[in-house]
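Below is one structure; the comments refer to it alone.
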Amino acid sequence: MSQIDGLPPLRDVIAQHDLQAKKALGQNFLLDLNLTARIARAAGDLKGSDILEVGPGPGGLTRGLLAEGARRVLAIEKDPRCLPALAEIAAAYPGRLEVIEGDALQIDPLAHLTLPIKICANLPYNVGTELLVRWLTPAQWPPVWSSLTLMFQKEVAERIVAKPGSKAYGRLALLAQWRCEARIVLTLPPSAFTPPPKIDSAVVHLTALPEPRFPAPAKTLERVVAAGFNQRRKMLRSALKGLDPQIEARLTRLGIAPTARAEEIGLEQFCALARDFG
Ligand code: SAM
């Protein structure tokens, strides 16, 4: 019995349901319920919120979220082998856990949740960035979620919080920081997982800002940033030429050095450029 919820320890759950981790599904499980409760707490006060969890696996983080008082957890899991273990958790928390079997890239369950909504997940590495980009680029801002608390490879987490001039700075940093407050709240060594991955991991907490830090048309900003970083060693005057043959004059007019590289350009300047394109 575990202390947080009276359910069996995760090691026993995995043995009982024969949940051998599959690499193709990005399965690196967290078995320490103190740690999963800590990650759940990093998502803030859960009591009045619905939580979307992607990839609950054997349910370590799910149990953390429920024990920390989440009003309701909606979990999407691709691996049907995990469903019986998750059903046991649902039975221990009547009416508070719903599990959908499926691919989080194909299902958008946010419409089935009640505001306020938080997203919290130990994401499978192979789909983590794609899901983050989707959550960061909804049709309308503010988004339906108020915060994202997500485990990534440490290197990806560093790209999300990176500042201009650093190697990690790029599209992900700009996308995240334009409309969110983003910070790394926890770094974990491979030994925290079963089986251990090759690299360190980190939890990033992103809070949605009510409005973007600087005004800009979202699609244009994404296009300008993507073009700028597509060949990040190129000067802006060549990297952005495809968007405007007269880009050099445009950059000069906006006070941006045409010889600068995208990695030297801050969010405010990228937004000014996107506004100028209209
Ligand atoms: N949350 C569990 C934990 O912390 O121990 C498991 C995390 S494990 C890194 C990722 C989980 O995502 C696995 O259970 C895997 O089966 C699931 N998964 C992988 N791809 C998925 C997808 N496209 N949609 C939903 N779940 C997926």
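Throughout, read-outs are computed from the coordinates displayed, never taken from laboratory work. Bear in mind that the values here come from a model prediction, so they are computed numbers and not experimental data. Every residue, glycine as well, gets a Cβ built from its backbone with ideal geometry; the counts of neighbours run over all protein chains shown.
Each Lys and Arg Cβ is given +1 and each Asp and Glu Cβ -1; about its Cα centre, segment 20-71 then shows a dipole of about 140 debye. Pull out a ≥ b ≥ c, the square roots of the eigenvalues of the alpha-carbon gyration tensor of segment 1-146, then state rounded if a/c is under 1.5, prolate if not and a/b is larger than b/c, and oblate in the remaining case. Here segment 1-146 falls in the oblate category.
Angle of helix 83-92 to the longest C-alpha principal axis of the chain, folded into 0 to 90 degrees and rounded to 10: 70°. Would you mind checking the tilt of helix 33-42 against the longest principal axis of the Cα atoms of the chain, expressed as 0 to 90 degrees and rounded to 10? Relative to the chain, helix 33-42 is tipped by roughly 40 degrees. Helix 125-136 and the long axis of the chain differ in direction by around 60°, with both axes built from C-alpha atoms.
Rounded to the nearest 20, the Cβ-based charge dipole of segment 77-151 about its Cα centre (Lys and Arg +1, Asp and Glu -1) stands at 220 debye.
The aspartates and glutamates whose alpha-carbon is closer than 13 Å to the alpha-carbon of Lys167, local same-chain residues fewer than 8 away aside, are Glu155, Glu158, Glu263, Glu264. Candidate cross-link partners of Lys78 among the lysines, defined by an alpha-carbon separation under 17 Å and a same-chain spacing of 8 or more, comprise Lys22, Lys23. Relative to the Cα centre, the charge distribution of the chain, modelled as +1 at Lys and Arg Cβ and -1 at Asp and Glu Cβ, gives a dipole magnitude of about 1040 debye.
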